[in-house]
Amino acid sequence: MFVAELEEYLKTYNEIETIAIQTGMSNLKDILHLMNRPLAGNSKYAEETGDILSADLFMKNTEKITFMKHARFIEVVPHKHDFLEVSYAYRGGFTQVINEQVVKMEEGDLTILDTDVVHTINKVSEESIIINILIRKDYFNQSILARLTENDLISEFVIDAIYKPTMNGRYLYFPSRGNEKIQHYITTSMCEFLDPDVATIEVINCNVILLFTELLRLSKKSNLQANDVTKGKSSLVEILNYMEEHYLTITLSEVAEHFHFHPNYFSRFFKENLGKTFSDMVQELRLRQAKLLLENTTFQINHIADEVGYTNFNHFYKKFKEHFHVTPAEYRKQFIEQGDKEA
């Protein structure tokens with residue numbers, strides 16, 4: 001897809017916009033209900049602070065990153081997400097209210113919102129186009145995190161988003177109007193996403209890293225850089241990369257020695273910055289790899305348990321269910337069924 005085709009796509013009414021025009025409805029929640037796509041989330045939370053928009057409303061089960069146009073003509077009531085969201089004012093401007101702060105976006109401006117950030121988006125006129133990038137937390141695997149090692153601003157934000165879900169209310173705002181590189185990286189990624197070809201995922205990943213790099217440079221020029229704690233967060237990216245590469249055999253003492261920490265200090269540093277113990281993190285890495293193997297191989301489940309470092313199958317079974325709320329067999333079955341529906 002070429003940029004001219006993307007322009008035409010962005011101008012064309014999508015399903016939500018069409019319903020809004022035809023029915024006069026302007027509340028996203030009501031329109032999604034009409035489309036039989038109810039909001040997911042905790043009703044008690046919704047009563048207090050707004051609704052929860054789930055990634056599954058907008059993304060295929062197999063997708064970790066999605067590019068989409070924000071629907072015009074609608075009011076988006078106070079809500080939060082279970083994914084990270086990048087909002088880019090591609091054409092014209094719009095207004096967000098983030099944690100009760102009014103953020104007026106001009107053409108070319110960009111925000112990155114963590115999960116659990118309560119925000120609203122005022123009705124967008126037909127002349128304005130917003131591109132949203134929805135990113136699941138597990139998009140940031142070893143490969144992506146490794147490329148963010150020197151990007152202290154974004155790496156700090158991402159690490160907190162992934163490993164400290166209780167830290168809410170965080171967002172980054174970039175007055176990036178007039179920055180042609182940012183527009184290029186976003187439009188190139190969206191063209192690839194809408195018209196996939198060989199190595200599309202890698203093209204998108206490269207452009208996302210270039211986008212984050214340009215945002216970092218912009219923040220440095222604008223004196224928006226993060227605080228001194230960022231240095232520790234940058235080190236954490238390297239530590240997490242190392243742990244992902246060696247999760248089968250690593251010990252706390254070995255990792256502490258590799259990064260020149262005293263083991264006792266490293267244990268405290270790890271817990272303070274990630275909100276979990278070293279052993280909990282190792283277990284999480286093993287379970288993530290097990291999930292990946294369930295999705296992409298036909299290995300027997302006991303073989304997968306062994307592959308990711310569990311010598312006791314029953315222990316693996318128990319921990320997997322605690323972490324993902326389904327058994328390994330149920331997860332594989334659900335994943336296959338979802339893929340069949342999307343095929």
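The values are calculated or read from the model by the stated rules, or taken from the named source; none is laboratory data. These numbers were taken from a predicted model, which means no experiment stands behind them. Glycine also receives a Cβ, built like all others from the backbone with ideal geometry; neighbour counts cover every protein chain displayed.
Determine if segment 42-50 includes at least one residue that is modelled with pLDDT of 80 or more, out of contact with any Ser or Thr (no Cβ under 9 Å at 6 or more places or on another chain) and not in a loop (DSSP other than H, G, I, E, B). Among the residues of segment 42-50, not one is modelled with pLDDT of 80 or more, out of contact with any Ser or Thr (no Cβ under 9 Å at 6 or more places or on another chain) and not in a loop (DSSP other than H, G, I, E, B), which makes the answer no. MET68 meets all of the listed conditions (1) under 23 Å from LYS137 (Cβ atoms); (2) in a loop (DSSP other than H, G, I, E, B) but one, namely (2).
Residue-level check: of (1) under 30 Å from GLU272 (Cβ atoms); (2) over 19 Å from the mean Cα position of the chain (by Cα), ALA161 misses just (2). The set of residues in segment 14-29 being surrounded by fewer than 16 Cβ atoms within 10 Å (Cβ to Cβ) and of a type outside the set (Val, Ile, Thr) consists of ASN14, GLU15, GLN22, GLY24, SER26, ASN27.
Is it true that some residue in segment 314-322 is in a helix (DSSP H, G or I) and closer than 22 Å to LEU148 by Cβ? Scanning segment 314-322, I find no residue that is in a helix (DSSP H, G or I) and closer than 22 Å to LEU148 by Cβ, so the answer is no. Please determine whether any residue of segment 278-293 is modelled with pLDDT of 90 or more, exposed (fewer than 13 other Cβ atoms within 10 Å of the Cβ) and in a loop (DSSP other than H, G, I, E, B). So far as segment 278-293 goes, no, none of its residues is modelled with pLDDT of 90 or more, exposed (fewer than 13 other Cβ atoms within 10 Å of the Cβ) and in a loop (DSSP other than H, G, I, E, B). For ALA89, the test of being more than 16 Å from the chain's Cα centre (by Cα), of a type in the set (Gly, Ala, Ser), under 24 Å from ILE21 (Cα atoms) and part of a strand (DSSP E or B) is passed. Scanning segment 77-92 for residues that are surrounded by fewer than 21 Cβ atoms within 10 Å (Cβ to Cβ) and of a type in the set (A, V, I, L, M) gives a single hit, VAL77. Highlighted here are the strands (runs of 3 or more DSSP E) found entirely within segment 96-215 that include at least 2 residues which are exposed (fewer than 15 other Cβ atoms within 10 Å of the Cβ): 101-105.
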